[in-house]
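A short write-up of the structure that comes next.
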Amino acid sequence: MKRVLVSIVVAVLVLVFVAPNVLARPDVNKPLPASEVELVKKVTLSGRPGGGGKPTKQAATGVLGELCSGNKYAIIIGISDYPGTANDLEYCDDDADDVYKALTTLYGYEPHNIHLLKDTAATFTAIRDAIRDIEAKAVAGDEVVFFFSGHGANGKAADGDNERIDEAIVAHDGSKLIPIWDGQLKQWFAGFKTSRVIFIFDSCLAGGMTDLQAPGRIINMACSESGLSYEDDAWGNGQFTYYFVDQGMLSGLADKYDNLPGWADVTVEEAFDYARANCQMQKPTISDSFVNDLLP
């Protein structure tokens, strides 16, 4: 009899304490509840000189990894025009245009396989749906690029990653800012079948996006987990995108190793090394789980 009573008590306690937590688990496909949220704005400068130098450690090995054998997909996001005027930037939409140009003119990406989301079009829902769309299409051997340029944020979010402080990229719903948290992005990308994914974040606190680590993925982050990112009319871009994409890829200045003679052959790692060597005031970081160097 005592055992029966104990079992009943335990069952009741489970219903009281565990079930509500399960039922109350936030829907990762919606804006998540968060506290102590701080918007960390990308900094717009004027006439800042360029950088120069050599990074202490090279990401590029000079050994070309496996080439893409399938289709290529991309989600490219640049938000200069946020709701209202207080949080507007200058060059994030230009960053997005440069990435689009690099992917379509140098690396064989077809326009119909790219979601280009800029300014008012780059809502929380549009970004989520673009990821869902590509998740449904991409299979093993395909390649996916996810690029974001805009503001960052931090706070304590119910995004399932158990971090004390979470980082986010900042989207909107047309009227207010909406963070997309690192753990949330991790869950959105968890179901992708391909192990060939390139992330590029040109935003403040970008170094906190390592939640997205997985085999075959490269995460290119414009600054440290606590750092700021910059844009400037001298670059006409965010600083990281300027050196990574505009100069590194489109102008070919990052081409250190002759990977494929006669072909656009700046690898992701070469572009990152060039950006890290030239960026001032911010320290780009990389998480590279791809075997050898990845040529998009």
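Just so it is clear, none of the values below were taken in a lab; they were calculated from the coordinates. Only a predicted model underlies this, so the values are computations on that prediction, with no experimental measurement involved. Methodologically, a virtual Cβ is constructed for each residue, glycine included, from the backbone with ideal geometry; neighbour enumeration extends over all protein chains shown.
Listing for the model above:
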{"quantity": "Prolate/oblate/rounded call for the stretch 62-131, Cα gyration tensor, a/c under 1.5 rounded", "calculated": "prolate"}
{"quantity": "In sequence order, calculated HN-Hα J values of the stretch 218-229 (Karplus, 6.51, -1.76, 1.60; Hz; x Gly/Pro)", "calculated": "10, 10, 9, 10, 5, 7, 6, 5, 10, x, 9, 10"}
{"quantity": "Under 9 Å, Cβ to Cβ, from residue 166 - net charge with Lys/Arg +1 and Asp/Glu -1", "calculated": "-4"}
{"quantity": "Extension gain (nm, one decimal) between residue 25 and residue 69, 0.36 nm per residue minus Cα-Cα", "calculated": "11.9 nm"}
{"quantity": "Cβ-based net charge around residue 107, under 11 Å, with every Lys or Arg adding one and every Asp or Glu removing one", "calculated": "-1"}
{"quantity": "Amide hydrogen neighbours beyond the local backbone of residue 204, cut-off 5 Å, H modeled", "calculated": "42, 152, 229"}
{"quantity": "Selection of chymotrypsin sites (Phe, Trp or Tyr not before Pro), the stretch 190-267, meeting DSSP coil and at most 14 other Cβ within 10 Å", "calculated": "263"}
{"quantity": "Overall form of the stretch 134-189 per C-alpha gyration tensor (a/c, 1.5; a/b vs b/c)", "calculated": "oblate"}
{"quantity": "Cβ-based net charge around residue 140, under 9 Å, with every Lys or Arg adding one and every Asp or Glu removing one", "calculated": "+1"}
{"quantity": "Cα→Cβ-extended label distance, 7 Å offset, between residue 164 and residue 139, nm", "calculated": "4.6 nm"}
{"quantity": "Value of relative contact order over the stretch 55-140, rounded to a whole percent, pairs C-alpha under 8 Å and six or more apart", "calculated": "35 percent"}
{"quantity": "Greater than 27 Å apart at Cα, pairs in 72/283; 137/256; 186/283", "calculated": "72/283; 137/256"}
{"quantity": "Sites residue 57 and residue 175, calculated FRET efficiency, Cβ-Cβ separation with R0 41 Å, nearest 0.05", "calculated": "0.40"}
{"quantity": "Amide H partners (placed H, <5 Å) of residue 59, local residues excluded", "calculated": "273"}
{"quantity": "Centre separation in Å (Cα based) which lies between the stretch 255-295 and the stretch 168-206", "calculated": "22 Å"}
{"quantity": "HN-Hα J in Hz across the stretch 106-122 - Karplus 6.51, -1.76, 1.60, θ = phi - 60°, x for Gly and Pro", "calculated": "10, 10, x, 7, 8, x, 6, 9, 10, 9, 9, 10, 10, 6, 5, 7, 8"}
{"quantity": "Average projected area [Cα convex hull, the stretch 2-288], square nanometres", "calculated": "17.8 nm²"}
